[in-house]
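Report on the structure given below.
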Amino acid sequence: MSATSQSPDLAALLSAMTLEEKLGQLSFYVARFASAGAQGANPLDAMRGEGDRLDAIRAGRVTGLFNLYGVTALRDLQRVAVEESRLKIPLLFAADVIHGFRTIFPIALAEAAAFDPALAEATARMAAEEAAAHGLHWTFAPACDLARDARWGRYEESSGEDVYLLCRLTEARVRGFQGRDLVLAPGHILATAKHFAAYGAAEAGRDYNLAEISRATLHDHYLPSFRAALAAGAATVMSAFQTVDGIPATANPYLLTTVLRGQWGFDGVVVSDFASDHELIDHGFAENRADAARLALNAGLDMNMESGLFMEQGPALLAAGAITMAQIDQAVMRVLRIKERAGLFADPYRHLHESDAIGLAARARSLSAEAARKAPVLIKNRTGLLPLPSVPLRVALTGPFARDTAHLNGPWSWFADESPGISLYDGLKDRLPAGSDLIAPEPGDDPAAQMAAMKRADVIILALGETSHHSGESRSRADITLPAGQLDLARQAHATGKPVVALIRCGRPLDLSALDPLADAILITWFLGPETGPAVADLLTGKAAPSGKLPASFPRAAGQVPLYYNHQMTGRPVPEGGDDQYKSRYIDLPPGPLYPFGFGLSYTEFAYGKPMLDSESLAWDGELRISATVTNDGARAGEEIVQLYIRDRVGSRVRPVRELKGFQRIKLRPRESVTVRFTLTRADLAFYRADDRIEAEPGLFDLWIGPHSAGGLAAHFTLEAPAA
Ligand code: GLC
């Protein structure tokens, strides 16, 4: 049975397969060789010869390769599979297309600060087009991980601490990658909902560490984004490295079978995260490779990403009755179906015809520039220092990132093309008012010259924060303050008495409590990609206005994390201004974050009217319509992200003090007003109740519409009980 241009009879194909060919469909590998026209992006120690790999493909022992790209090389590999193997089943080619492919976009955390699902869909769509143009069919994205611990290195890949925001962005990214129909829509690729599940709950923020959370927390905060991804059609799921309830996620029957298959009805492919199946041995969960293969397959894993365990151990396990042919067939059929869904049986050389990537770069770069203007968050602007006055200025730009172009993109950007990124210096020098003077130290300059420049300046701009190596996989930090030396520079700048702007490049919420009093204005710029310089310069000079909001609480100290706005009240909440003895607090810190979730300033002021409800109660099967008028009270146009929060006063499990249930980005001219409208139904109020059902409970709710998670005017409503 050969793959033809017709949709194949997959059942007939399956029945024609030998055991080795079946296990080959479950065996995916990182590319270890770089052949002409391709770049291996995962250089690993154990280099295997290209000949070995081609023999394996020819024998039907490989289902696909990842982190290799380039139409010429991938077409050569595909030719071996579809013309020299017995059953001619096409290979899948994948890569970590995380925040862009050849053109890099702001990191996911930065994109989350824009609170803009349409933008998230557009950047995912653009990344998919570029990836498809370079021969790829599948990306290991979007990350669906909720993050609450700023010490975690992969906070940068998350969309922050709120599950509602994460769900809206996740479904948008899946739509962007996959489109509505992969086969019919050129330039789309298979998406992966990862890392299933609760990878971001790593205890102590230490990557790969256990997730010790209740089942209620799992369902209320860590699973909804995966459900949103699957509801948007995500074709695959990647299992996480760490344990949940003491059982590694990659061999966790509750996650991979009870929830994913049983409760959600997912029938796509579950792939291990790299060799997380082999790591069952390191966890002390599997005794050996055979045990690891058995436990993973029996729990619901379909595909080894790198270990080759099913190919190696499957025949003996089958003979011993430890696994069944039905299990193997079910996993193989899932793999064949996603290859069909990716259009590979219709056209095995899909995405491998002559590359048409040329026209994409300009479009992608323009989109990256747009995203880079929407993501920064202005968290401080004392005395309205920003935007800089449009008069000739002497500007001292200093700090480790003043002229930097090596750390614009952030982690997971190794496929970036050679087109240079634009530094803060180069962005500013072309955008300051005519007649201005921009001084930025060159590497190795005498510090005295830097000090003199600051003393002569009208304004000092500090380019501070983390390098790309301070964030990313296996890059958790115990100390989340600014890296060494940067505070000293900020103190020197402050001591000059000049106005100070601090630009903070970061992949996580940092502890800025020591910096805060030293700067008049603070702009969080995350990792924005190649258009960093122009975007930040436009925001500083007022050509564009900051509109981002924090997708994560910025703590006062690492000692506070995990820190998140939607926390429980506890039985001893700290009273507003009252006696805080014997209350849930620290004796050495004020309560709460330095800057709250959802917070962000613009260059104008927005006034919020009281929320108006179309009823004081929400019927069990009804809808509640809420509105509020927002007015631009300032002298400049601006964009505002209006946020809707609720609080369930009483629940069979204690409910958060606030929960985001809606947001809208609005744009208003000076004096202009708009009425922002939201609708709530019972489904928005559901949670994992004490009876282990996910459903709402009747009772009293608070509601706020405001500019962030600690503000807004309150209203109240009652969810009525269901009719008897
Ligand atoms: C890594 C990451 C995962 C990535 C995979 C393939 O370990 O955890 O996110 O997709 O391996 O590179």
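The values are calculated or read from the model by the stated rules, or taken from the named source; none is laboratory data. Please read these numbers as outputs of a predicted model, since none were measured by experiment. Methodologically, a virtual Cβ is constructed for each residue, glycine included, from the backbone with ideal geometry; neighbour enumeration extends over all protein chains shown. The accessibility values were calculated without ligands, DNA or RNA, using every heavy atom of the protein model including side chains. Shrake-Rupley method; radii C 1.70, N 1.55, O 1.52, S 1.80 Å.
A few comments on the model shown:
- The aspartates and glutamates within cross-link reach of residue 88, meaning a Cα-to-Cα straight distance under 16 Å and a gap of 8 or more places when in the same chain, are 9, 20, 21, 55, 76, 340, 347.
- The residue list 70, 249, 314 was ranked by how far each Cα lies along the charge dipole of the chain toward its positive end, using unit charges on Cβ atoms, and 70 comes out on top.
- Selection among 557, 630, 112 by position relative to the dipole of the chain gives 630 as farthest towards the positive end (Cβ unit charges, Cα centre).
- Per-peptide average of other Cβ atoms within 10 Å, ordering 575-581, 657-663 highest first: 657-663, 575-581
- Environment charge at residue 537 (Cβ cut-off 12 Å; Lys +1, Arg +1, Asp -1, Glu -1): 0
- Dipole magnitude (debye, nearest 20) for the chain, charges at Cβ of Lys, Arg, Asp, Glu: 1160 debye
- For the chain, accessible area per residue (1.4 Å probe, heavy atoms of protein chains only), Å²: 36 Å²
- Cross-link reach list, aspartates and glutamates versus residue 543, counting only Cα pairs under 18 Å and skipping chain neighbours closer than eight places: 370, 426, 430, 531, 605, 639, 640
- Diffusion constant of the chain at 20 °C, which comes from Stokes-Einstein with the Kirkwood Cα-pair radius and 1.002 mPa s, µm²/s: 80 µm²/s
- Per-atom-type breakdown for the chain gives carbon and sulfur 52% of the accessible area (1.4 Å probe, protein chains only).
- Fraction of antiparallel bridges per DSSP, the chain only, in percent to nearest 5: 55 percent
- Charge-dipole axis of segment 356-475 as Lys and Arg at +1 and Asp and Glu at -1 on Cβ define it, positive-most pick from 377, 361, 463: 377
- Reported to the nearest whole Å, the Cα centre-to-centre distance from segment 628-660 to segment 317-382 is 35.
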